[in-house]
Amino acid sequence: MENSTSEQQLKQLLDEGKINEEEYQQLLSSINKPKQVNTKIPGSLKIVGWLFIFFGIISLFDFISSILNNRHNYNLGVICLFIGYGLLKRYYQWRIVALVFLWFCFISLPLVSMLYLNEPYLGFSVSFFGERVSRDPLSIFVVNLIVIVPLALIYRILIKPEIKALFKKNDN
């Protein structure tokens with residue numbers, strides 16, 4: 001309906017002699033041309049997607065190596081593979097999963113750290129890239145900082161309105 005109104009206005013301008021036939025045809029083609037949707041993925045979202053994939057691969061290798069060494073290691077980080085792929089493909093649901101996963105990390109990391117510091121006899125250990133973390137409070141704080149700061153930056157990127165707008169909810 002909006003196009004037909006614009007076309008009528010152009011026709012009126014042509015009839016009044018305010019534009020010539022060539023200008024009329026150019027303007028008419030620009031009105032009827034379908035608007036191009038920006039499908040380019042911002043660099044920050046590409047980086048976030050690939051970071052999720054990278055940490056998913058590390059988690060997968062850790063999970064496989066634990067199975068081969070007869071250890072029980074249930075690494076939830078493997079889901080990062082799917083999150084990263086979903087973010088790069090701009091699937092609405094995977095952005096939500098990424099945000100939930102980040103909140104899970106924000107909540108669980110300090111809780112596990114407090115447990116680890118205060119309950120040395122629970123029989124579990126914490127490792128960071130395969131290296132066992134000492135029970136020194138400063139070491140735990142540094143590891144938390146090393147993990148939480150990048151996660152907070154990733155979270156900040158994913159909640160930006162311009163990034164959120166790239167993830168349209170499907171009607172299917």
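The values are calculated or read from the model by the stated rules, or taken from the named source; none is laboratory data. Just so you know, these numbers come straight off a predicted model, no measurement behind them. Here Cβ is always computed from backbone atoms with ideal geometry, including for glycine, and neighbour counts include all displayed protein chains.
Tell me, which residue of the range 33-45 that is surrounded by 13 or more Cβ atoms within 10 Å (Cβ to Cβ) and modelled with pLDDT of 90 or more is nearest to the chain's Cα centre (by Cα)? Per the stated criteria, the residue is 45. If you go through the range 76-103 and keep only what is over 15 Å from the mean Cα position of the chain (by Cα) and either surrounded by fewer than 17 Cβ atoms within 10 Å (Cβ to Cβ) or free of Cβ contacts under 8 Å to residues at least 12 places away in the same chain (or both), you end up with just 76.
Which one is nearest to the chain's Cα centre (by Cα), of the residues in the range 55-75 that are part of a helix (DSSP H, G or I) and without any contact (Cβ under 8 Å) to a residue 12 or more places away in the chain? Before the answer, list the steps.
Going residue by residue through the range 55-75, those that are part of a helix (DSSP H, G or I) are 55-68.
Filter again for without any contact (Cβ under 8 Å) to a residue 12 or more places away in the chain, leaving 61, 64-68.
Working: 61: 22, 64: 25, 65: 28, 66: 28, 67: 29, 68: 32 Å.
Top of the filtered list is 61.
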